[in-house]
């Protein structure tokens, strides 16, 4: 009873920490402004450094004085983890919010370890705590996407994961609690696999939540309409290869870029001309990537071209000058080829003499890759994303099935198999495969219902192959239904 109360208390602290993280999202900027005004712009960074120093010295004191541990490797690991926290703090020195998040998720990692050790008393506690921390981080970003003025950011999930992970490494390598030193068993692997699968599917849904799908959901559920004006969670970026350029990225196809340039050159050119004396950032906020991707991308290409043109003119050595002018010249080739008419109408065109001098100064035959609109996963699309997710889920299911079968073989040999495990054995390999097929089909139906996205059709197209897939799913469902009926009949 006492252990149960301790478990409930441990998870209660996890819940309170997670709730505190979520509740600070709407007021984070207000807290930041207050701290800047009354404690300086680097208050949270100094606070994090102080907490790291106190945690390192306190832990080292307990290990050395109280527990009398004299192994240098443990203290070295603690120092490495503390140094990692210091490095990240210095990297985001001007970002008060990032420093605060790093501290929050470090505390969350410790609380998750203490909570999971009641259910997973072995090595599995570390990945379980890490994956739960990632799940909280994803939920945190989803809340930020919903809150006006905030946005979903995948790098923030990485920062949150790092905050949890460093603490867990310090626990695993530095402190080494005895209860978390046992080898992970099949039950622990199953729980970690479930957590991993939940994280994977949730990340997949976030990556699939493009502006088009947000608009589709808003049309179906009117209360989601304000989300159409928010920054998108993710956009699938197209990778274009041009023999005279190299590689560049866009939200639009090359044909659509040229078509938009042909049809809307005068209107878009006038917009760009009217904004010449106003701020670059203001323009991107007004003509964002969601509603006006053509103007948004064109303005960034212009900015990048002009910035490197100026950098080349100001460069003191020939190498830096040539590199800067090469980038400027290649960006101008992109602009002239895919935004040419709009460029002429906007007044941002280079004079013919400048183009000739730039072509003479650099070797335009060399390949170039423009980072504009590259995104985090430039070659990703729906088909690759969900095919990869389902492949990983199938691999996880296979690993767990293999571990269960191995355990059942051992227990059968020792004649100590429990009734529950005996029932699992009766399901058989075919039953497990049918369950996996039906689960994957159910997830596909969920994607169709929420996002109007049919993975099976995307992968196999339309035709006899899709019919075969549907027949396999139906056969699996019939098998499970018959198995269930016979099981109930035997029980009766």
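Residue 263 is checked against (1) more than 15 Å from residue 338 (Cβ to Cβ); (2) out of contact with any helix residue (DSSP H, G or I) (no Cβ under 7 Å at 6 or more places or on another chain) and fails just one. What number does that condition carry?
(1)
If you go through segment 439-477, how many residues are at pLDDT below 70, over 22 Å from the mean Cα position of the chain (by Cα) and surrounded by 13 or more Cβ atoms within 10 Å (Cβ to Cβ)?
3
For segment 151-203: of the residues being within 26 Å of residue 29 (Cβ to Cβ) and not in a helix (DSSP H, G or I), which is farthest from the chain's Cα centre (by Cα)?
Across segment 151-203, the extreme among qualifying residues is 151.
Pairs needed: first member in segment 66-77, within 10 Å of residue 170 (Cα to Cα); second member anywhere, crowded, with 16+ Cβ neighbours inside 10 Å; C-beta distance under 7 Å; at least 6 residues apart or different chains.
As it stands, the answer is 74/63; 74/174; 75/60; 77/170; 77/174, since those pairs meet every condition given.
For the condition assigned by TED's automatic domain parsing to the domain that holds residue 147 and either crowded, with 16+ Cβ neighbours inside 10 Å or under 30 Å from the mean Cα position of the chain (by Cα) (or both), what is the one hit in 9, 16?
Values: 9 fails: either crowded, with 16+ Cβ neighbours inside 10 Å or under 30 Å from the mean Cα position of the chain (by Cα) (or both).
Sole residue among the options that is assigned by TED's automatic domain parsing to the domain that holds residue 147 and either crowded, with 16+ Cβ neighbours inside 10 Å or under 30 Å from the mean Cα position of the chain (by Cα) (or both): 16.
For residue 293, indicate whether it is surrounded by 15 or more Cβ atoms within 10 Å (Cβ to Cβ), under 33 Å from the mean Cα position of the chain (by Cα) and modelled with pLDDT under 95. Spell out how you get there, then give the answer.
Values: surrounded by 15 or more Cβ atoms within 10 Å (Cβ to Cβ): yes; under 33 Å from the mean Cα position of the chain (by Cα): yes; modelled with pLDDT under 95: yes.
Taking the combined requirement at face value, the residue satisfies it.
Out of the residues in segment 304-319 that are within 17 Å of residue 346 (Cα to Cα) and more than 28 Å from the chain's Cα centre (by Cα), which is surrounded by the fewest Cβ atoms within 10 Å (Cβ to Cβ)?
Residues of segment 304-319 that are within 17 Å of residue 346 (Cα to Cα), as a first pass: 304-306.
Now drop any that are not more than 28 Å from the chain's Cα centre (by Cα), which leaves 305-306.
On the way: 305: 22, 306: 16.
Per the criteria, the residue is 306.
Does segment 339-355 hold any residues that are farther than 20 Å from residue 323 by Cβ and surrounded by fewer than 21 Cβ atoms within 10 Å (Cβ to Cβ), and which are they?
Start the filter on segment 339-355 by keeping residues that are farther than 20 Å from residue 323 by Cβ, which leaves 339-349, 351-353.
Within segment 339-355, 340, 341, 344, 345, 347, 349, 351, 352, 353 meet the criteria.
Looking at (1) within 30 Å of residue 275 (Cβ to Cβ); (2) in contact with a helix residue (DSSP H, G or I) (Cβ under 6 Å, 6 or more places away or on another chain); (3) modelled with pLDDT under 90, which one does residue 325 not meet, given that it meets all the others?
Just one mismatch for residue 325, condition (3).
Of all residues in segment 44-78, how many are surrounded by fewer than 17 Cβ atoms within 10 Å (Cβ to Cβ) and touching a helix residue (DSSP H, G or I) at 6+ places or on another chain (Cβ under 7 Å)? Break it down stepwise before answering.
Of the residues in segment 44-78, the ones surrounded by fewer than 17 Cβ atoms within 10 Å (Cβ to Cβ) are 46, 50-51, 53-54, 57-58, 61-62, 64-73, 76.
If we keep only those that are touching a helix residue (DSSP H, G or I) at 6+ places or on another chain (Cβ under 7 Å) too, we end up with 51, 69.
So the answer is 2.
Could you count how many residues in segment 243-282 are buried (at least 18 other Cβ atoms within 10 Å of the Cβ) and at positive phi?
0
Considering only segment 151-161, I want to know if a residue exists there that is outside the structural domain of residue 81 (by TED's automatic domain parsing) and touching a residue at least 60 places away in the same chain (Cβ under 8 Å). Before you say what the answer is, go through the steps one by one.
Filtering segment 151-161 for residues outside the structural domain of residue 81 (by TED's automatic domain parsing) gives none.
No - not one qualifying residue is present in segment 151-161.
Can you go through 336, 331, 369 and tell me which one is surrounded by fewer than 20 Cβ atoms within 10 Å (Cβ to Cβ), under 22 Å from residue 253 (Cβ atoms) and within 32 Å of the chain's Cα centre (by Cα)? Don't jump to the end; show me each part of the working.
Values: 336 fails: within 32 Å of the chain's Cα centre (by Cα); 331 fails: surrounded by fewer than 20 Cβ atoms within 10 Å (Cβ to Cβ).
Answer to the check: 369.
Picking from 272, 262, 257, which residue would you name as being in contact (Cβ under 8 Å) with a residue 24 or more places away in the chain and touching a strand residue (DSSP E or B) at 6+ places or on another chain (Cβ under 8 Å)?
Values: 272 fails: touching a strand residue (DSSP E or B) at 6+ places or on another chain (Cβ under 8 Å); 262 fails: touching a strand residue (DSSP E or B) at 6+ places or on another chain (Cβ under 8 Å).
Being in contact (Cβ under 8 Å) with a residue 24 or more places away in the chain and touching a strand residue (DSSP E or B) at 6+ places or on another chain (Cβ under 8 Å) holds for just one of 272, 262, 257, which is 257.
Out of curiosity, is residue 217 crowded, with 19+ Cβ neighbours inside 10 Å, in contact with a helix residue (DSSP H, G or I) (Cβ under 7 Å, 6 or more places away or on another chain) and at pLDDT below 85?
Spelling it out, it is not the case that residue 217 is crowded, with 19+ Cβ neighbours inside 10 Å, in contact with a helix residue (DSSP H, G or I) (Cβ under 7 Å, 6 or more places away or on another chain) and at pLDDT below 85.
Which of the residues belonging to segment 19-52 are touching a residue at least 40 places away in the same chain (Cβ under 8 Å) and more than 14 Å from residue 100 (Cα to Cα)?
26
The values are calculated or read from the model by the stated rules, or taken from the named source; none is laboratory data. Worth saying up front: this structure is predicted, and the values here are computed from it rather than measured. FYI the Cβ positions are ideal-geometry reconstructions off the backbone, even for glycines, and counts take in every protein chain you see.
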